[in-house]
1. Among the residues of segment 309-332, is there at least one that is out of contact with any Asp or Glu (no Cβ under 9 Å at 6 or more places or on another chain) and within 18 Å of ASP204 (Cα to Cα)?
2. Take the residues in segment 437-474 that are part of a helix (DSSP H, G or I) and among the acidic types (Asp, Glu); name whichever of them is nearest to the ligand (Cβ to nearest atom).
3. Out of all the residues in segment 299-314, is one or more assigned to a strand (DSSP E or B) and either of a type in the set (A, V, I, L, M, F, W, C) or farther than 21 Å from LEU428 by Cα (or both)?
4. Quick check: is even one residue across segment 477-494 away from the ligand (no atom under 16 Å from the Cβ), of a type in the set (S, T, N, Q) and surrounded by 22 or more Cβ atoms within 10 Å (Cβ to Cβ)?
5. Being farther than 20 Å from TRP350 by Cα and under 25 Å from the mean Cα position of the chain (by Cα) is the filter; apply it to segment 242-267 and report the residue that is nearest to the ligand (Cβ to nearest atom).
6. Please go through segment 209-240 and give me each residue that is surrounded by 23 or more Cβ atoms within 10 Å (Cβ to Cβ) and at positive phi, ordered by number.
7. Return the residues of segment 374-395 that are crowded, with 24+ Cβ neighbours inside 10 Å, of a type in the set (A, V, I, L, M, F, W, C) and within 12 Å of the ligand (Cβ to nearest atom); say none if nothing qualifies.
8. Listed residues ASP270, ASP279; which is at negative phi, of a type in the set (D, E, K, R) and free of Cβ contacts under 8 Å to residues at least 24 places away in the same chain?
Amino acid sequence: MSEPAFQRRGLGDVIPAPAEVRPDPAADFTIGEGTAIRTAPGSTEARRIGEYLAALLRPATGYALPVGEDSGEIALLLDPTPDLDADGDFDGAPDESYRLEVTASGVTVWAAAAAGLFAAVQTLRQLLPAAIDASGPQQGTWVLPGGEIVDRPRFPYRGAMLDIARHFFTVAEIKAYIDSLVQFKINHLHLHLTDDQGWRLEIDGWPKLTEVSGGEGTGVDGTGPGFLTRADYTELVGYAAERFVTIVPEIDMPGHVNAAQVAYPELTADGVAVAPRTDMEVGYSSLVADKEETYAFVEDVVREVAALTPGPYLHIGGDEAQATTAEDYRTFIQRVLPLVAKYGKRVVGWHEMAGVELPETAIAQYWRIEATDEGTARAAANGSKVIMSPADRTYLDMKYTPDSKPGLDWAGVINVERSYDWDPADRLPGVSEQHLLGVEAPLWSETLRSLADVQTMTFPRLPAVAEIGWSPRATHDWESFRQRLAAFGPRWRNQGIAFHASPEIPWT
Ligand code: ACM
């Protein structure tokens with residue numbers, strides 16, 4: 001009996017769209033019983049990525065897919081000068097760049113760095129039929145479309161943010177989220193760790209932050225208790241790093257600090273304890289700019305978070321500080337900037353921070369819905385990089401339709417086309433291509449109660465932002481995107497990932 005054929009994929013049926021795609025339909029390769037994976041000689045990183053690929057392919061194929069350095073039809077090779085664009089010019093190609101060639105005899109990936117092999121593996125996974133994501137053996141032929149892909153990211157920073165302060169998500173849930181994100185070449189996960197309703201990271205010397213403000217009854221409506229121990233956080237950072245994801249920790253200051261002030265009344269102006277809050281208000285709490293206790297606290301927290309975080313960034317929030325006077329805000333930010341530098345990190349802040357003069361190394365994250373922002377433009381002109389997260393395009397907590405649930409709608413309702421149909425280099429006057437570090441899609445958790453809620457708000461909009469961050473602008477095309485996105489319905493179902501079945505997408 002012949003095996004049923006799966007739908008053959010096209011070489012360009014990938015999200016984010018690769019930079020260059022040259023199909024050769026006469027050169028398809030079929031993964032079979034005897035296929036093996038060969039990795040770059042002497043590279044433990046390449047070997048580990050080979051094992052990662054094998055683990056992705058084994059359940060559905062049922063094949064052994066041994067991984068070794070001597071032979072194998074699927075080769076993951078490190079080459080310091082891979083031919084990464086049409087004119088053979090490798091200058092300045094980022095680590096995530098790769099070349100992938102499928103011929104009738106096999107598949108070869110070349111990259112200068114392990115991050116490029118990992119990115120190529122995500123492409124390879126998408127080139128296989130959706131059945132590859134099933135958790136058990138599937139009958140069919142595993143055809144990879146022939147030809148060549150040469151690929152590289154448009155921006156170095158392509159992020160997602162998860163708010164674990166308004167609702168806590170466990171280590172296992174955050175790991176699952178990372179696994180869902182990396183398929184779209186997302187390489188940063190910003191964790192919003194603290195806010196008015198909860199404090200979610202254990203800090204040495206300040207145990208009540210998590211004992212009191214990470215415990216029962218915390219989070220919006222009191223439904224999201226929990227916190228990451230130092231060991232949990234370290235485990236997450238390591239899990240992310242194995243997937244080429246940098247964790248960006250955020251301690252939101254000087255506003256959004258009610259949970260800290262519940263735990264430590266000395267952080268309030270009069271030293272009197274404040275009541276815990278589980279509502280969704282913002283802009284009512286503030287650290288005290290002219291109190292030395294404030295900076296002792298902030299320095300301890302910054303030192304600790306920096307020590308636990310191998311990545312280069314530390315996000316200090318700085319948004320919605322309506323309970324802080326402009327003068328106090330400036331005083332506070334100017335005291336905190338050198339502390340972040342002292343502990344070896346590059347500061348990121350929501351763009352309100354750019355109202356204060358910043359060092360060139362500081363990064364402003366634009367999040368509002370206005371058409372202009374003077375502070376962000378000035379910071380860009382002074383050499384700071386910008387991360388684009390306009391709420392009316394990238395906020396994953398906005399509703400898809402006026403009546404969809406969960407979600408909020410203060411920045412509008414955002415369907416898939418709206419999350420796709422914009423460009424970060426056109427979003428703000430004074431902020432163009434060369435000023436951008438990249439893009440990020442934040443997910444705030446006031447209305448979320450489960451990992452399924454997280455997934456439903458993330459998919460299918462996150463792939464739109466991921467493509468804007470990775471793919472060359474010339475590839476941008478809504479009709480092409482919605483067709484490519486349609487193929488993810490069965491993939492997500494096979495992976496057990498919930499998604500919103502947006503009517504704009506011709507789901508298969
Ligand atoms: C924000 O949405 N307050 C950054």
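Any read-out appearing in this document is the output of simple, stated calculations on the displayed coordinates, not a laboratory observation. Everything quoted here is computed from the prediction, not taken from an experiment. Cβ atoms come from the backbone with ideal geometry, glycine included; neighbour counts cover every protein chain shown.
1. yes
2. Restricting attention to segment 437-474, the residues satisfying the condition of being part of a helix (DSSP H, G or I) are 451-458, 461-470, 473-474.
Restricting the remaining residues to those that are among the acidic types (Asp, Glu) gives 453, 467.
Working: ASP453: 18, GLU467: 23 Å.
So the residue we want is ASP453.
3. Pass one, segment 299-314, residues assigned to a strand (DSSP E or B): 313-314.
Checking which are either of a type in the set (A, V, I, L, M, F, W, C) or farther than 21 Å from LEU428 by Cα (or both) leaves us with 313-314.
Scanning segment 299-314, I find at least one residue that is assigned to a strand (DSSP E or B) and either of a type in the set (A, V, I, L, M, F, W, C) or farther than 21 Å from LEU428 by Cα (or both), so the answer is yes.
4. Within segment 477-494, the first condition is being away from the ligand (no atom under 16 Å from the Cβ), and the residues that meet it are 477-494.
Of the ones still in play, those that are also of a type in the set (S, T, N, Q) are 480, 483, 494.
If we keep only those that are surrounded by 22 or more Cβ atoms within 10 Å (Cβ to Cβ) as well, we get none.
No, the conditions are met nowhere in segment 477-494.
5. VAL245
6. Hit for segment 209-240 is GLY219, nothing else.
7. Of everything in segment 374-395, just one residue is crowded, with 24+ Cβ neighbours inside 10 Å, of a type in the set (A, V, I, L, M, F, W, C) and within 12 Å of the ligand (Cβ to nearest atom), namely ILE387.
8. On the way: ASP279 fails: free of Cβ contacts under 8 Å to residues at least 24 places away in the same chain.
Of the residues listed, the single one that is at negative phi, of a type in the set (D, E, K, R) and free of Cβ contacts under 8 Å to residues at least 24 places away in the same chain is ASP270.
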